[in-house]
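Below is one structure; the comments refer to it alone.
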Amino acid sequence: MGRSFLLTVFAVVAVSAACDPSTKVTPTSATPAPAASVSPSTAPNASPSGSPASTTIASKADALVGRWPGEGGAYLNVTKKGDKYTIEIATTAGPKTYDGTAKGDLIEFTRNGKTETIKAATGPETGMKGFEKETNCVVVIKGSEGFCKK
């Protein structure tokens with residue numbers, strides 16, 4: 001018991017000395033390592049604030065660009081110019097055009113004073129009959145406005 005007690009005391013003293021800020025250790029021949037240089041250009045898709053650049057966010061919504069067929073000759077056509085989207089929705093009443101903006105992986109637009117969104121979906125997520133087995137779809141209003149590419 002005496003020997004283990006001495007080893008414990010020795011360990012405590014050694015740890016205390018190592019943690020004591022007044023104890024200085026000076027290396028005999030130390031050359032400081034060069035500081036790592038980090039350039040802002042090494043972080044692609046990052047804005048100066050460190051958040052993702054708007055092009056990164058828009059690229060998710062870019063997957064929604066294209067012509068999406070619907071039922072009975074209806075279609076949704078999404079085009080992009082700069083950071084703005086043009087949404088054309090054609091129904092039996094004819095085509096109507098709206099301006100949209102990317103919001104994450106959605107495109108948001110205003111129709112008849114109401115904010116609507118276009119988002120990626122599966123056939124079942126559209127809620128539309130005939131699209132149950134489809135996988136590449138978008139939905140505006142579940143159950144009444146879904147479009148799928150075949």
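The numbers here are math on the coordinates, done by the rules we state, and not lab data. Predicted model, so just to flag it, every value in this text is computed and none were measured. All Cβ positions, glycine included, derive from the backbone under ideal geometry; neighbour counts span all protein chains shown.
Filter region 106-128 for residues that are farther than 13 Å from Leu76 by Cα and in contact (Cβ under 8 Å) with a residue 40 or more places away in the chain and give the result.
Leu106, Met128
Each row is one residue, and each column tells you yes or no for (1) under 23 Å from the mean Cα position of the chain (by Cα); (2) among the charged types (D, E, K, R); (3) assigned to a loop (DSSP other than H, G, I, E, B); (4) surrounded by fewer than 20 Cβ atoms within 10 Å (Cβ to Cβ).
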residue: Glu108; (1), (2), (3), (4): yes, yes, no, yes
residue: Ile118; (1), (2), (3), (4): yes, no, no, no
residue: Val140; (1), (2), (3), (4): yes, no, no, no
residue: Phe147; (1), (2), (3), (4): no, no, no, no
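Go through region 120-138 and give me each residue that's buried (at least 18 other Cβ atoms within 10 Å of the Cβ) and touching a Leu at 6+ places or on another chain (Cβ under 8 Å). Break it down stepwise before answering.
First pass over region 120-138, keeping only residues buried (at least 18 other Cβ atoms within 10 Å of the Cβ): 121, 123, 126, 128, 131, 134, 137-138.
Within region 120-138, just Val138 meets the criteria.
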